[in-house]
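The values are calculated or read from the model by the stated rules, or taken from the named source; none is laboratory data. Since the model is a prediction, treat every value here as computed from it, not as a measurement. Cβ: placed from backbone, ideal geometry, glycine included. Neighbour counts: every protein chain shown. Keep in mind that these areas ignore ligands, DNA and RNA; they rest on the heavy atoms of the full protein, side chains included. Shrake-Rupley method; radii C 1.70, N 1.55, O 1.52, S 1.80 Å.
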Amino acid sequence: MATDVSPPQFLQLLADEQRWRLLHELARSDRKVSELTELVDKPQNLVSYHLASLRNAGLVSARRSSADRRDTYYRIDMRRCSDLLRGVGSAIQPGLRLEVVDPPTSEVRSSRRRPSVLFLCTGNSARSQMAEALLEHHSGGAIRASSAGSNPRPLHPNAVRVMAEAGIDISKCKSKSLDRFLQTRFDRVITLCDKVREICPEFPGGASVTAHWSMADPASEGTTDETSYAAFKSTAEELDSRIPFLIGELMVHTERRTAQ
């Protein structure tokens, strides 16, 4: 359970250079402790100590790897970080409250190249299909999203159901093999499955960023339709908490390239 964090306490957490570097790395991709240790060039006990502080504040969470149960993936809670940053601004002066940037208008979208993202998982039957649909929807078409799987399976009915409740129809979507995209260049390649991350191939030119979002397979959760549906609903909510920040990052990068 995350503890309440006041604006000064939040700033103290961020002021530590090691915690700042850990958050910076986790904002790019979910990571194992061994990976974070290498990235920040610090011993594991120190990295674990700082991760514990970030977890206690609710800024970071952990999940067992589905590829190797001995490993744990750490992820940043971008929405909580955003809320706390807004709180810092408002605590100093209400006018300093951060504002959410709206998706670009159709006029802006037509004036520049659309960033492209490929989501990968095992079956392309749930997580990656949902991520593709949500990214297209939330970006208003400003970002070109695709999805694929290492071992494609038919689209899961609960994925269709959960997306329909969000006003998004994916009922006619087909599962695709990642082999289909091996000759395509993407700005981002994001793996959603721990197993696929281990076998993720190289793409032409190399994606600008290859990231990992460690997410449980909702199709393997629950023993009844009700519990299965709850797992899919939870997956959609987690994707919904991540995708707006991906959109913001991609839009900033696109604007910088356009300005050059």
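Stretch residue 195-residue 82 to full length: gain in nm at 0.36 nm per residue minus the Cα-Cα span?
That works out to 37.7 nm of additional length.
Hey, can you grab everything whose amide H is under 5 Å from the amide H of residue 72? Only 5+ residues off in sequence or another chain; H modelled, so Pro and N-termini drop out.
The answer is 33, 65.
Which value in nm describes the separation of the simple spin-label points at residue 17 and residue 166, placed 7 Å from the Cα toward the beta carbon?
4.0 nm
Please report, for the Cα atoms of region 1-79, the Rg to one decimal and the Dmax as a whole number; what are they, in angstrom?
Looking at region 1-79, its Cα Rg and Dmax stand at 12.2, 39 Å.
With a 1.4 Å probe and all protein chains kept in place, how do 155, 85 rank by accessible area, largest first?
Ranked list, largest accessible area first: 85, 155.
In the structure shown, do any of 174/233; 172/195; 32/233 have a Cα-Cα gap over 23 Å, and if so which?
172/195; 32/233
Given the Cα-Cα distance of residue 69 and residue 253 and 0.36 nm per residue of separation, how much length would full extension add, in nm?
Contour length minus the Cα-Cα distance gives 62.7 nm.
Sorted from largest down, what three extents in whole angstroms do the Cα atoms of region 118-260 have along their principal axes?
That works out to 53, 30, 25 Å along the principal axes.
If you work out P(r) over Cα pairs in 10 Å bins from 0, in percent from the coordinates, which of (1) 6, 26, 29, 21, 13, 4, 0; (2) 7, 31, 37, 20, 4, 0; (3) 7, 27, 35, 25, 7, 0 do you get?
(3)
Could you sort the peptides 121-130, 14-23 by per-residue average Cβ neighbour count (10 Å cutoff), highest mean leading?
Highest to lowest by the protection proxy: 121-130, 14-23.
Please flag any cysteine in the chain that has no other cysteine's Cβ under 4.7 angstrom from its own Cβ.
81, 173, 200
If each of residue 176 and residue 38 carries a label point 7 Å out from its Cα toward its Cβ, how far apart are those two points in nm?
3.0 nm
If I compute solvent accessible area with a 1.4 Å probe over the protein chains, what percent of it on the chain is carbon and sulfur?
Here it works out to 51 percent.
Find the accessible area per residue for the chain; the probe is 1.4 Å, ligands and nucleic acids are left out, and the unit is Å².
Ligands and nucleic acids excluded, the figure is 52 Å² per residue.
For region 122-190, go through all pairs of different Cα atoms, get the mean of 1/r, take its inverse, and jot down that Kirkwood value in Å.
With all distinct Cα pairs of region 122-190 included, I get 12.3 Å.
Using the basic label-point model (7 angstrom from Cα toward the beta carbon), what is the residue 224 to residue 27 distance in nanometres?
Calculated label separation equals 4.3 nm.
Considering only DSSP beta bridges where both residues belong to the chain, give the percentage that are antiparallel (nearest 5).
That works out to approximately 30 percent antiparallel.
In whole Hz, what ³J(HN,Hα) sequence does region 38-46 give by Karplus (6.51, -1.76, 1.60; θ = phi - 60°), x for Gly and Pro?
6, 5, 9, 6, 9, x, 4, 5, 6
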